[in-house]
């Protein structure tokens, strides 16, 4: 890690390693954005970096937070992963990382605001390209294959932007739970990004195709690769053969790991205070997932935003509590048709601030109606 190299250099020069501490905010952004395990020393660096961001953010980070209306003192790992990180990465994805670098080293508020505005504009372009690429990928799948009958997905379009195909590949993995490779064409070579599922080492799979590749690199969950155009069909055939031999139907079923079953009555401010001691959360130190059973819907459920399920729930007179399930609109109709029958829910616990009032809410992960999972 670059931070450890800086500290080692300081020691070699006879200086104190804590001279590097003002840069811990950048370290935290790097750790979260790269989705690396937040355990051991990484967890300490992440915690200290978040404390610096929340107490005294540098001008560039503050300008970006102000632009997207994130409050200082409340920034967590997830805020970096889903809000700050994608905007900083957008510059490099769309071709010019210098804008993000200039933002992070800005020394004045005016300079930082200018670069934050440019970065937000680039991020809008990235999101637009991302959406179009996702739509085109789904159209390819609809026209050329049945994902449910495939052991892997390999898609190619010569015009896809290299900066977003990795993001789209990850989304397709989330939807279809299959190893996915997205490919584009650059300067006469086919280049792409690969993403995998739990239990399948995509780097090892690419290694078995080494003779068909110009180059490749990565790790078990994500990789990049380059293919000569005349080897594309051979590669697709080989890769799909590997996945069909190594994966079974059971591997294509997403797995949700539950930490504990609790009644809603245990979700109190004191319990939340104890949970916060496990922060910062991230890979290998995930936010706990709980299950509660025989839950009643208290009042009407609604769909908000881009297909998010929102409802109030109670259990044996406890509550009601607010809950929200992102991209879970498919549950709305089955829940309405359940006629008030109790349901089982899996969820994480989080804080929600609305109109300057902060309460606990449940972030829904799954719902079983009458003991059955919604298809």
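Using the structure shown, decide if residue 270 is without any contact (Cβ under 8 Å) to a residue 40 or more places away in the chain, within 30 Å of residue 43 (Cβ to Cβ) and outside any loop (DSSP other than H, G, I, E, B). Yes, satisfied. On inspection, residue 340 fails the criterion of being under 18 Å from residue 78 (Cβ atoms) and either outside the structural domain of residue 267 (by TED's automatic domain parsing) or in contact (Cβ under 8 Å) with a residue 40 or more places away in the chain (or both).
The residues in region 279-318 that are in contact with a strand residue (DSSP E or B) (Cβ under 8 Å, 6 or more places away or on another chain), closer than 15 Å to residue 257 by Cα and either outside the structural domain of residue 361 (by TED's automatic domain parsing) or part of a strand (DSSP E or B) (or both) can be counted, and the count is 3. Checked against (1) touching a helix residue (DSSP H, G or I) at 6+ places or on another chain (Cβ under 9 Å); (2) closer than 21 Å to residue 134 by Cα; (3) in a helix (DSSP H, G or I), residue 205 meets all criteria but (2). Counting only residues that are surrounded by 18 or more Cβ atoms within 10 Å (Cβ to Cβ) and outside any loop (DSSP other than H, G, I, E, B), region 24-38 holds 9 of them. Of all the listed residues (242, 227), the sole one being modelled with pLDDT of 95 or more, surrounded by 17 or more Cβ atoms within 10 Å (Cβ to Cβ) and under 18 Å from residue 148 (Cα atoms) is 242. Evaluated against (1) closer than 13 Å to residue 264 by Cα; (2) buried (at least 18 other Cβ atoms within 10 Å of the Cβ), residue 322 falls short on exactly one condition, (2). Over 23 Å from residue 147 (Cα atoms) and either surrounded by fewer than 20 Cβ atoms within 10 Å (Cβ to Cβ) or out of contact with any strand residue (DSSP E or B) (no Cβ under 6 Å at 6 or more places or on another chain) (or both): is that true of residue 199 in this structure? Here the answer is no, as residue 199 does not meet what is asked. Residues in region 39-64 that are outside any helix (DSSP H, G or I) and farther than 13 Å from residue 104 by Cβ: 39, 56.
The values are calculated or read from the model by the stated rules, or taken from the named source; none is laboratory data. Since we're looking at a predicted model, the values are computed, not measured. Cβ atoms come from the backbone with ideal geometry, glycine included; neighbour counts cover every protein chain shown.
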